[in-house]
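Asker: My questions will all concern the structure given below.
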Amino acid sequence: FLRGGPRDTLFYPQKTVRAAIVTCGGICPGLNSVIRELVMCLHYCYEAECVFGVKFGYEGFYGHEWMDLTPDLVGSWSLLGGTQLGTSRGGFDLPRIVDGIIAHNVNQVYILGGDGTHRGAHAIFEEVKKRKLKIAVVGIPKTIDNDIPLIDKSFGFDTAVQKAVDAIRSAHVEVKSCTNGIGLVLLMGRASGFIALEATLSSSEANACLIPEVQFKLPAFLAYMEKRIQGRGHAVVVVAEGAGLELMLDNSVEPSKDKSGNPILPEIGVFLKNAIKDHFKQKKIEINLKYIDPSYMIRSVPANAADNSYSLLLAHNAVHGAMAGFSGFTMGLV
């Protein structure tokens, strides 16, 4: 690993940079903050000639009009959720993407996305190298699940956990206000349960946390729920969307995939809701089950103060690296 930061020697002279910024995949808090800080650093630290925004993900390199990004335009973007550039899954057509970069005479490309997006960024880097072009390709890791290998934390994660805690606390209020209340909170986390785990620990109000990394036995889980209800009269369960796949998937059948190549998961929240209801019905115990799914709410909000600060750090160091002549790299806290 190389420590990020400005270098004494620049590969790109000031006032010669023509940069492009693109956001791919799902949204998360902090996307607009990273875009803003990329633009600010390029303009005010290196006097970039121009900075383009590529709209709606990889397909925007060849399928949409690019937009000019200026400090005045992006000045308040950090106050907004989502991405002002738009995003999409799929649309990766390598020759057309690189041709679009060349057509706009761009010499730096900043790509915000997760592991699939980074595979695409690496392919762009290799194609640029193959064509012997002096174009820096830089990745900035973006994932609400915080599941990019080697990167300790991705931007937006703190904000997502904060909002997930609100959902857990709401569930706790609900179940304590009724007889035999059970709150079931579904959170994002396809292959890793970082949001569910951190929100559970932070709230101190969940009684069970189910994550993809740890398999569980349904009978044992239901027995625990029954014991909890009989003993305390209420329970809160937090479950990540990728938990319990072994209970629902037929291993002999290949799951369908989305445009990014991710498997389309069965709904563990609905599965557990029905399983809990059936179990207590068989036991002739009346319950009040509250099912809460705040998944898209926790990723569509603006970044909090910590994530805004981290977004600035990532963006500025990405620009410093590109200006020094580095390419085919990504930024992150390790």
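The values are calculated or read from the model by the stated rules, or taken from the named source; none is laboratory data. None of these values were measured; they are calculated from a predicted model. Here the Cβ positions follow ideal geometry from the backbone for every residue, glycine too, while neighbour counts run over all protein chains shown. In case anyone asks, the SASA skips ligands and DNA or RNA and just uses the protein heavy atoms, side chains included. Shrake-Rupley method; radii C 1.70, N 1.55, O 1.52, S 1.80 Å.
Asker: Considering the range 269-320 alone, what residues qualify as being farther than 30 Å from Ser76 by Cβ, free of Cβ contacts under 8 Å to residues at least 24 places away in the same chain and part of a helix (DSSP H, G or I)?
Answerer: Across the range 269-320, the qualifying residues are Val270, Asn274, Lys277, Asp278, Lys281, Gln282.
Asker: Further question: Can you tell me which residues in the range 306-332 are over 24 Å from Gly189 (Cβ atoms) and of a type in the set (A, V, I, L, M, F, W, C)?
Answerer: Matches in the range 306-332: Leu312, Leu313, Ala315, Ala318, Val319, Ala322, Met323, Ala324, Phe326, Phe329.
Asker: While we're here: Within the range 138-150, can you find the residues that are open to solvent by 10 Å² or more (accessible area, probe 1.4 Å) and not basic (Lys, Arg)? Steps first, answer last, please.
Answerer: Initial filter on the range 138-150 (open to solvent by 10 Å² or more (accessible area, probe 1.4 Å)): 142-150.
If the condition is that a residue be open to solvent by 10 Å² or more (accessible area, probe 1.4 Å) and not basic (Lys, Arg), then Thr143, Ile144, Asp145, Asn146, Asp147, Ile148, Pro149, Leu150 are the ones that fit.
Asker: Among the residues of the range 151-203, write down those that are more than 23 Å from the chain's Cα centre (by Cα), surrounded by 24 or more Cβ atoms within 10 Å (Cβ to Cβ) and in a loop (DSSP other than H, G, I, E, B).
Answerer: none
Asker: Go through the range 6-27 and give me each residue that's open to solvent by less than 10 Å² (accessible area, probe 1.4 Å) and either touching a helix residue (DSSP H, G or I) at 6+ places or on another chain (Cβ under 6 Å) or without any contact (Cβ under 8 Å) to a residue 12 or more places away in the chain (or both).
Answerer: Ala19, Ile21, Thr23, Cys24
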